[in-house]
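J.: Sharing a structure here in structure tokens format.
Read the figures in this text as sums done on the coordinates, not as results from a lab. Quick caveat: nothing in here was measured; it's all calculated off a predicted structure. Here Cβ is always computed from backbone atoms with ideal geometry, including for glycine, and neighbour counts include all displayed protein chains.
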Amino acid sequence: MKDLFIKQIRLDPLPIEKGYPWELPVVKNLAKAGGLEFHSPVTFFVGENGIGKSTLIEAIALAMGFNPEGGSKSFRFSTEDSHSQLSEHLLVTRSLKRQRDGFFLRAESFYNVASYIDELDRQPALGPPIINSYGGISLHKQSHGESFLALVENRFGGNGLYILDEPEAALSPARLMRLMVLIRDLVQKGSQFIISTHSPILMSYPDAEVYQLTETAIEPVSYRNTEHFRLTQQFVNDTERMLKYLFDDTPNE
Ligand SMILES: Nc1ncnc2c1ncn2[C@@H]1O[C@H](COP(=O)(O)OP(=O)(O)OP(=O)(O)O)[C@@H](O)[C@H]1O
Ligand SMILES: [Mg+2]
């Protein structure tokens, strides 16, 4: 096994409480499975909307010392206190490998990360502006996709743990492929990525481990066997037929 920062996650016995996040299938299934092992520098969590991917990777990020809304480990800001208590029950088995960099990025709160960097740079400081590490242009003054790639290209330095929640949200297919190349470069520099995604392109990253979250299990799967890949493939291969299938039987209002 490659020397990864995170080798395994497990759950403490859970509190007997109702509601979020304790009743989510992903939490029950993780407890039932006795944990989850990481074998590849790039791990994807895939699954239907609402199955619990963000909840799980947020808990991993928090257990590793990140801010719930994202950023590097030194970021301390909060616009909304909505994170779950799951991280307090998550046991993370780490290697002895020294982590030099890290970033937790949520598509949902990227805007707040950008605001926080601008805010830090408005305060008097001795060193160079923080935005210099992010390409020099305020992330707010670039498009969503541009700012996202600027962040990865300039700020991610390698030898780091990068936890990304739906990074494809910002990116065109061409830029998404660019991101895959950047991920490869960072992996060659000793990094580990844990990513939640709906993108059939991204999840095809070579030798990645794909975990599919369902109502009944968390299971390793080939990206080709995910619903995301199959449905997209079917759609692209036979768009007219799929559209016909989707719309033809719709009764007229
Ligand atoms: N702060 C919260 N309080 C209560 N319920 C929540 C909270 N956050 C998420 N949930 C619920 O938990 C479930 C899992 O949400 P989560 O955001 O982890 O799903 P997801 O797999 O990331 O979905 P998506 O693919 O849409 O991003 C959802 O049903 C959601 O409504
Ligand atoms: Mg999510």
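J.: Return the calculated 222 nm mean residue ellipticity for the chain, to the nearest 500 deg cm²/dmol, obtained by summing -39500 (n - 2.57) across DSSP H runs with n ≥ 4 and dividing by the residue count. It would help to have the intermediate numbers written out before the result.
T.: Values: 7 runs with 76 residues, N = 253.
Calculated mean residue ellipticity at 222 nm is -9000 deg cm²/dmol.
J.: For the stretch 101-189, what are Rg and Dmax over the alpha carbons, in angstrom?
T.: 13.0, 40
J.: Also: Subtract the Cα-Cα distance of ARG175 and SER222 from 0.36 nm times their separation in residues, and report this length gain in nm to one decimal.
T.: Stretched fully, the ARG175-SER222 segment lengthens by 14.6 nm.
J.: Next up: Could you tell me the center-to-center distance, by alpha carbons, between the stretch 180-212 and the stretch 1-24 in angstrom?
T.: Taking the Cα centre of the stretch 1-24 as reference, the centre of the stretch 180-212 is 21 Å away.
J.: For LYS189, go through the lysines and keep the ones whose alpha-carbon is under 27 Å away, minus same-chain ones fewer than eight residues off.
T.: Partners found: LYS2, LYS7, LYS53, LYS73, LYS97.
J.: Mind putting a number on the dipole of the stretch 47-129 about its Cα centre? Charges go on the C-beta only, +1 for Lys and Arg and -1 for Asp and Glu, and I need it in Debye to the nearest 20.
T.: Details: 9 positive and 11 negative charges, 116 e Å.
Computed about the Cα centre, the dipole is about 560 debye.
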